[in-house]
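A.B. asks: This is the structure I want to talk about, given as C-alpha cells.
Quick note: the coordinates plus some simple rules give every number you see, no bench work behind them. Being a predicted model, the structure only gives us computed values, none of them experimental. Cβ atoms come from the backbone with ideal geometry, glycine included; neighbour counts cover every protein chain shown.
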Amino acid sequence: MIGTVEEIIQWLFKQDREKIFEVKEKKKKRSLSQNAYAWLLIGKIADAVRLSKEEVYLKMLKDYGQSEIFSIRSDASLDGYCKYYEKIGSGVVDKKVFTHYKIFKGSSEFNSEEMAIFIDGIIHECQNLDIETMSPEEIAMLKL
C-alpha cells in the first residue's frame, strides 16, 4: 500500500494482528530527462578523454554513485548477479576464504535524490574538462 501516514495507519488497524508488515518511505524515482542528460554529459566526457561511454559511466558510478560492501565465499562468483563491482580485499572466517567486493548500484536503480547527486558529480567533471553544461537554473529544473 502507498499512502499518507494517516491512510496507512487506518489500513493497518484493519489488518490481521498476527501478520508482520514492512513500512518504508516511497522515494521519487529518477526521471528520464535526468537520465538522458547524464548520458549526454557522459558521452561528452568520453569524447574529451578518449574513453568509451561505459568506462566513463563506471568511473562516475564509482565516484558519485551508490555502493555497498559485500563478502562472499571466494569459490563463488558475482558474474551474472552484479554488473558493476570491484574486488577490495579478502579474508578468512572459520577456515573459509571470502572475497570482499564493492558493488555499485546502476543509475537505473537510483531514486531522484541519488540521481541528482550523480548528475552534480558528472557536471563537476565536465566543468573540470571545460565541457559546456546547462545553466544552474536549467539543472535545478531538471532535478524537480
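A.B. asks: Taking square-rooted eigenvalues a ≥ b ≥ c of the alpha carbon gyration tensor, is the range 1-128 rounded, prolate or oblate, where a/c under 1.5 means rounded and, failing that, a/b exceeding b/c means prolate?
C.D. replies: Oblate is the answer for the range 1-128, as a/c is 1.5 or above yet b/c matches or exceeds a/b.
A.B. asks: Per 0.36 nm of contour for each residue apart, how much would the distance between K14 and S108 grow if the chain were fully extended, relative to their Cα-Cα spacing?
C.D. replies: Gain on extension, K14 to S108, equals 30.3 nm.
A.B. asks: Step through the residues of the range 115-132 one at a time and calculate ³J(HN,Hα) from phi using the Karplus curve (6.51 cos²θ - 1.76 cosθ + 1.60, θ = phi - 60°), rounding each to whole Hz and writing x for Gly and Pro.
C.D. replies: 5, 4, 5, 4, 5, 4, x, 5, 4, 4, 4, 4, 4, 5, 9, 6, 9, 5
A.B. asks: Let me know the charge dipole size of the chain about its Cα centre in debye, to the nearest 20, where only the beta-carbon of Lys, Arg (+1) and Asp, Glu (-1) is charged.
C.D. replies: The dipole magnitude comes to about 500 debye.
A.B. asks: Now a separate question. Please list the non-local residues whose amide H lies under 5 Å from the amide H of G65, H modeled 1.01 Å from N, same-chain partners needing a gap of 5 or more.
C.D. replies: Counting only residues 5 or more places away or on other chains, the set is empty.
A.B. asks: For the chain, what is the mean residue ellipticity at 222 nm derived from helices alone (per DSSP H run of n ≥ 4: -39500 (n - 2.57); sum divided by total residues; nearest 500 deg cm²/dmol)? Please report the intermediate quantities before stating the final value.
C.D. replies: On the way: 5 runs with 63 residues, N = 144.
After summing the helix terms and dividing by the residues of the chain, the value is -14000 deg cm²/dmol.
A.B. asks: Still on this model: 5 Å is the cut-off here: which amide hydrogens, built 1.01 Å from N in the peptide plane, fall below it relative to Y84, excluding neighbours closer than 5 in sequence?
C.D. replies: The answer is F104.
A.B. asks: Here is a follow-up. Out of residues 5 or more away from S74 or on other chains, whose amide H comes under 5 Å of its own, with H placed 1.01 Å from N in the peptide plane?
C.D. replies: The answer is V97, F98, T99.
A.B. asks: Counting only C-alpha contacts under 8 Å and six or more residues apart, can you give the relative contact order of the chain as a whole percent?
C.D. replies: Answer for the chain is 29 percent.
A.B. asks: May I ask you to evaluate 6.51 cos²θ - 1.76 cosθ + 1.60, the Karplus curve with θ = phi - 60°, for each residue of the range 45-57 and list the ³J(HN,Hα) values in order in whole Hz, giving x for glycine and proline?
C.D. replies: Result, ordered by residue: 4, 4, 5, 5, 9, 6, 10, 6, 4, 5, 5, 5, 4 Hz.
A.B. asks: While we're on this one: Which is farthest toward the positive dipole end of the chain among L61, I119, V23, measuring Cα position about the Cα centre, with Cβ charges +1 (Lys, Arg) and -1 (Asp, Glu)?
C.D. replies: V23
A.B. asks: Sort S77, S107 by Cβ crowding within 10 Å, fewest neighbours at the top.
C.D. replies: Values: S77 11, S107 24.
Ranking S77, S107 by Cβ neighbours within 10 Å, fewest first, gives S77, S107.
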